[in-house]
Each structure stands twice: as structure tokens, then as C-alpha cells.
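Notes follow the structure.
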Amino acid sequence: MSPLPSAKETRDGLRSGLAGRLVLKTLSAAYSGVVAARRGLYRAGLLKTRRLPVPVICFGNISSGGTGKTSTVIAAAQELARAGLKPAILLRGYKRSRSAPKIVVLARGRGATLADAGDEALMLFRTLEKANVPVLVCPDRYASGLKAVTELGANVILMDDGFQHFGLYRDADIVLINATAPFHTDHVLPFGDLREPPAGLKRARAVIISHCEHASQEQVDALAAEVRRINPSAELVETMHAPESFLDPATAQPVDLNLLKGRPAAALSAIGDPESFEGALRKMKVDLKQIWRYPDHHAFSKAELEAAQDARGSLPLITTYKDFARFPAGWQDILKGGVLILSVKIVFLCDGWRRLSSIMTDLAGRKA
């Protein structure tokens, strides 16, 4: 049961009727025109692309929805830090407060609120704090990148979700595609989920097919063949997402994954791909008796948590890191009876991680 209709549900409702399909296809054609015109302005030099003095590696999507991009950015930042480099992460900051500072810096000794930084930035910073990787939030990625270089000493920039952001030059674009969402049979927004036509993959240095655990090998092979048709030179990598542990946010202690095996529980999320989250729990033999889905990046209110508390009874409530970052202050006084965060790790198949890390470290080494 969804407490609020998602954009996808609204779109699917319109697509069920002839008039709705006509409206959506007309809007999609207009959207495609705007995307092409904007790209043309950058190519012609009428809109400027600026360069930072350090390498910039972008992780982005060709479609909306969950691809596992955040997990990949975390793995990339950790790898670069282990290699002795000083990465910084740039985000636009989705659903930030309008009164937020232009540039929000999350670094050792410098924090920010959820309203100012956004949920993804807070989650990234908390995960990477021990690796001393700063996270900067600003729509102008050049401005925040320059701040990361000049004030924080960053010597490599990771741009989270910027494949369609042409204002900042990238040394490499790495695009993620969800194995369960075949882009080559989809349409551009709003009729479909594509942010731009599939030909945009020609710009990619590498393409990651993610969530292979939810697709057959035939589906993955078909996607790979389509990527190679569009961009034969792109490095092609396949990944899976695997549950790592539960985390009890009240104690900050890990909890064994087998704790809820064969037991009833409830799931609460507001992410781009809730099916993957819920599917992972079912594969762990968790008996999901109740499911709450909210729109992506939804900030939970106390009233919503109170409603979930009343409805779940004694069931443990499972959520994600990204969702927990949007819990309101005082959640502990509302959600009594057990809350668990599912921690998920990204697994690179074959030698995919070696090839991807080689791209990153080679770029950083050449421009260091």
C-alpha cells in the first residue's frame, strides 16, 4: 500500500488512456527538443563548460530511478582514498531548503542540517567520514569543485549525478543502468523514464549494468549488446547489490542478517527503486507483512512515523540508510519496538572493479 501516489503511478494512470498517452508523448517530444537544444548550445560554445585544475569523474544515469549510483560513488571514493589521493564529492542537492547556503560543505569538523544539505549528501558524508572524504552541495558544480580544490585540498573530484550537467568538464563519464530497466525500449520523460535519448551513452567512458541480481543472464546480455552497439569503446562492467548487515540506529551496532529470517517485519522506504530494497529482504526470507512506499527523497514527518508505528504493532521496521537520514528529530520516541537499517554493499562481477578503478587512478595519476 502506498500512502501517496508516486510520479510513476500518476504517469502510468495517464498512459492507460489514449488522451493521456497523447499528452505524455507530446510533452516527451518537447522535452527531447529542449535537451537537444541545450546540448547544442554547449557544443557551439554559447554556453560555457569550465574546467577544474584536477581530474573530474562523473557518475550519472541516463534514466531516472534507482541504479545504485550512490553505492558506486562510495566505493570509488574509498578506493581513491586508499590509493593516497584526496577525493571530494560534488552533488547538486535535491530537495534542499530554498534558504540553504549556496555551497554547503560537509567535512571533518563542518556539518550541516538535512534541510541545507539534502539526504544523499548527509548519507554520503556519514559513510565516508572516516575516510576523510568531503561532500559539497551546490547546483554550480564548478564553484563547489573549485572550493574543494582550493580550500580542502582535493586532487580528484567525483561528481554524483551529473551526466546531463555540461557546465563542468569531466575527464570521464561513468553511467549506471539498472539491469531490470532496459533503456533501449524506454522513452524520454515524462512518457518514459529516460533523461535523454539512448544515444547519450556515446559520451560514456564506462557503463555499469547494476542490480544484475534481479535480472536473468539473458536480460543482462541483451543490455550489454545494446550498450556495445551505441558505444563500442565504453568499458562495460556488471555489478550486484548484496545485503551486508542490519544496523540498529539506536545503538549504532551491526545486527546479524539472519535475525529476521523467517520472521514477519515491515518495510518503509522513499527511494527511486523500492522493489530492489524489498526484493533483497524477501531473498533473505524476511516475511514482509506491511510495506510503506513514499516518493523518492520524501522527508518523513512525525505524523507519518506515528501512523507507521500504530499500524505495525510489534513488527520490526526496516528502512534504508538514505531514508533514515530523513527521519525527523525525536524518531526514537515514536518508533518504539525496533528499527533496523539494511546496509547493502556493491559487488563487481568478474574483473569489473579492477577495470573501473584503473580508469579512475590512471586519470588522477596523469593530472596529479
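The values are calculated or read from the model by the stated rules, or taken from the named source; none is laboratory data. None of the values given here were measured: they were computed from a predicted structure. Reconstructed Cβ throughout: ideal geometry from the backbone, glycine too, with neighbour counts over all protein chains shown.
Details
- Unique residue being within 21 Å of residue 198 (Cβ to Cβ) and hydrophobic (A, V, I, L, M, F, W, C) when the list is 24, 47: 24
- Of all the numbered requirements in (1) buried (at least 16 other Cβ atoms within 10 Å of the Cβ); (2) on the phi > 0 side of the Ramachandran plot; (3) of a type in the set (Gly, Ala, Ser), residue 148 misses one, and that requirement is (2).
- Close pairs (6 angstrom Cβ cut-off, 6 or more residues apart or separate chains): at negative phi and in a helix (DSSP H, G or I) in segment 160-187, charged (D, E, K, R) and modelled with pLDDT of 95 or more anywhere: 184/226
- On the stretch given as segment 272-287, residues that are aliphatic (A, V, I, L, M) and not in a helix (DSSP H, G or I) total 2.
- Residues that are in contact with a Gly (Cβ under 7 Å, 6 or more places away or on another chain), touching a residue at least 60 places away in the same chain (Cβ under 8 Å) and under 22 Å from residue 247 (Cα atoms), drawn from segment 96-149: 118
- Just one residue in the set 88, 131 is surrounded by 21 or more Cβ atoms within 10 Å (Cβ to Cβ) and among the small types (Gly, Ala, Ser); that residue is 88.
- Restricting segment 214-223 to residues that are without any contact (Cβ under 8 Å) to a residue 40 or more places away in the chain and of a type outside the set (Ser, Thr, Tyr), the residue that is surrounded by the most Cβ atoms within 10 Å (Cβ to Cβ): 215
- Residue-level analysis places residue 207 outside the set of residues that are touching a Gly at 6+ places or on another chain (Cβ under 7 Å), surrounded by 20 or more Cβ atoms within 10 Å (Cβ to Cβ) and either aromatic (Phe, Trp, Tyr) or at pLDDT 95 or above (or both).
- Members of segment 282-320 found to be at pLDDT below 90 and crowded, with 20+ Cβ neighbours inside 10 Å, listed by number: 296
- Verdict on residue 270 being in contact with a His (Cβ under 7 Å, 6 or more places away or on another chain) and either of a type in the set (A, V, I, L, M, F, W, C) or over 24 Å from residue 116 (Cβ atoms) (or both): yes
- Of residues in segment 288-318 being hydrophobic (A, V, I, L, M, F, W, C) and assigned to a strand (DSSP E or B), the one nearest to residue 334 (Cα to Cα): 317
- Qualifying residue in segment 224-235 (condition: in a strand (DSSP E or B) and surrounded by fewer than 21 Cβ atoms within 10 Å (Cβ to Cβ)): yes
- Criterion: buried (at least 16 other Cβ atoms within 10 Å of the Cβ) and either modelled with pLDDT of 95 or more or out of contact with any helix residue (DSSP H, G or I) (no Cβ under 8 Å at 6 or more places or on another chain) (or both) - qualifying residue of 6, 16, 63: 6
- The set of residues from segment 321-367 being in a loop (DSSP other than H, G, I, E, B), surrounded by 13 or more Cβ atoms within 10 Å (Cβ to Cβ) and on the phi < 0 side of the Ramachandran plot comprises 325, 326, 327, 328, 335, 349.
- Qualifying residue in segment 252-263 (condition: of a type in the set (S, T, N, Q) and either surrounded by 14 or more Cβ atoms within 10 Å (Cβ to Cβ) or assigned by TED's automatic domain parsing to the domain that holds residue 353 (or both)): no
- Filter pass, residue 238 being part of a strand (DSSP E or B) and among the acidic types (Asp, Glu): yes
- Test: residue 279 is under 20 Å from the mean Cα position of the chain (by Cα) and modelled with pLDDT under 95: yes
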